[in-house]
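Let me begin by presenting the structure, written as structure tokens, before commenting on it.
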Amino acid sequence: MSSMKHTITCSPDYSLLTVNIPAGNTVKVEASAMAAMDTNIKMKTRMKGGLGRLLTRESLFINEFTAEGGDGDIMIAPGSPGDLKHISLDGNVVYLQNSGYVASGLDVTLETKWQGMMKGFFSGESLFLIKCSGKGDLWFNSYGGIIEIDVKGEYIVDTGYIVAFEETLDYNVQSVGGLKSLFFSGEGLVCRFSGSGKLWIQTRNVMAFANWTFPYRPVKKSN
Amino acid sequence: MKTEILHRHSNTAAKISLSEEETCTTESGAMIAMSGNMSISTSTYKKGGGGIFKAAKRLLAGESFFLNHFQPSGGSGELWVSPVLTGDLVEHNLSGEKLIVQSGSFLAAASTVNVDVGWQGFKNFLSGESLFWLNLSGDGPVILSAFGVIYTVEVDGEYIVDTGHIVAFDETLNFSISKAGKSWISSFFGGEGIICRFKGKGKIYCQSHNPSSFGHSLTPSLKPRRQ
């Protein structure tokens, strides 16, 4: 399947995706990510991914946008400012961090995958990953810029900075260095990827930013 | 140590390539990814700086400063670092001279650079966060981070910068802290607060935005915390 015509503008800081949907074709888009579209595009809400999507703390709904009676443009803006990445799936499988999904072609299957108690519990972000398989376009986003890394052998990523990775990579969650590093390095737990395949990481972490705002929270008087 | 600065200007990250004998020192929490052969060790800012319990005490006092040291084993390795806030990075090469860096702006340096805590500044009376300065000396590259973009000012004579906009400056500059207006009341209500007056000859790295002003602008939208 050939990929749809699309442009990504204002990358890597405030990326906005515009997809030109050919007549009769459909694009699946993360709920509430649609910013603007041509009037010949019709929207349908589907509970794609089933109840599992509720568990990933993503909203339950994916909307389907179909261009009727001619091509149509749709502009898609993810919730957080940052980078956007396009890849074409052709039978291979990519795992996305739970908030990374933006849009995909109709023949891309999305499932939520339990990471296992140990991996999920310690990886900080979520117990679930979104498994993308099938054929067609896939777009994902990050908070911050996206760096693509070709892993051959081993690579270590701070758990809060993983955006996506190919299924050909195996991973383990572990602590860095010794006991002192575990508590004082500020790195906490990391993912050690092994094998060969592509890995995408982000240059900023929204959790770290949220923690940064802590001293600025108003103080509630205890009375 | 070779540095590549990517994704400028807001989501900037630095890719640091290290050869086998080289060690890179980073601020705690700065590492985002690294090759599998990299080993990490953690220390306080001063070697033999009182051990882990004293360090923990400083952590509780909000004055902690931990450093991580990365070294590849069995060949070269790479390391990615980035700061918390959006903004730019700059690489500064030291060769014997000293650089004074605002503590929040230090990101990484070659291990040949000494990192020491310098003047412990006043506590910001609005937010209670403490501001302190690091003295960097030695030889080698240093990576600094900023909130917003970084611009440099070559001072020859006198120059005034708001304390919230300082990233780093040459030690050749004398600086004094003072109020922006004629009286404390006018500086406080004028919103400029406390400024740094530089004298002499040297370079200042400034950041386009003040993190603490941004933080205060978020206050109304944040959930209250218990005291």
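Overview of results
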| quantity | calculated |
| --- | --- |
| Protection proxy ranking, peptides A:136-144, A:67-75, B:212-220, average beta carbon neighbours within 10 Å, highest first | A:136-144, A:67-75, B:212-220 |
| Förster radius 41 Å - calculated FRET efficiency between A:A23 and B:V149, Cβ distance, rounded to 0.05 | 0.40 |
| Gained length - B:N135 relative to B:K98, 0.36 nm times residue gap less alpha-carbon distance | 12.6 nm |
| Exposure proxy ranking, count of Cβ atoms within 10 Å, fewest first, for B:V153, A:V163, B:V117 | B:V153, B:V117, A:V163 |
| Amide H within-cut-off set for A:L106, under 5 Å, with H built and near neighbours excluded | A:T26, A:K28 |
| Phi-based couplings in Hz for region B:142-155 (Karplus 6.51, -1.76, 1.60; Gly and Pro marked x) | 10, 10, 10, 10, 9, 9, x, 8, 9, 10, 10, 10, 8, 8 |
| Gap separating the Cα centres of region A:77-97 and region A:1-21, nearest whole Å | 11 |
| Average partner coverage of A:203-212, which counts Cβ from other chains inside 10 Å | 5 |
| Inter-label distance, nm, simple model (7 Å from Cα along the C-beta direction), B:E4/B:K203 | 2.3 |
| Chain lengthening between A:K5 and A:S194 when straightened (0.36 nm per residue, less Cα-Cα) | 64.7 nm |
| Sequence ranges B:158-164, A:5-11, ranked by mean other-Cβ count within 10 angstrom, highest first | B:158-164, A:5-11 |
| Test item: A:148-154 mean partner chain Cβ contacts at 10 Å | 2 |
| Net length gained if the chain between A:K220 and A:E148 were fully extended (0.36 nm per residue, minus Cα distance) | 21.6 nm |
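None of the figures in this text is laboratory data; all of them are computed from the coordinates on show. Keep in mind that what you see is a predicted model, and the values were worked out from it rather than measured. So basically every Cβ, Gly included, is an ideal-geometry build from the backbone, and we count neighbours across all protein chains shown.
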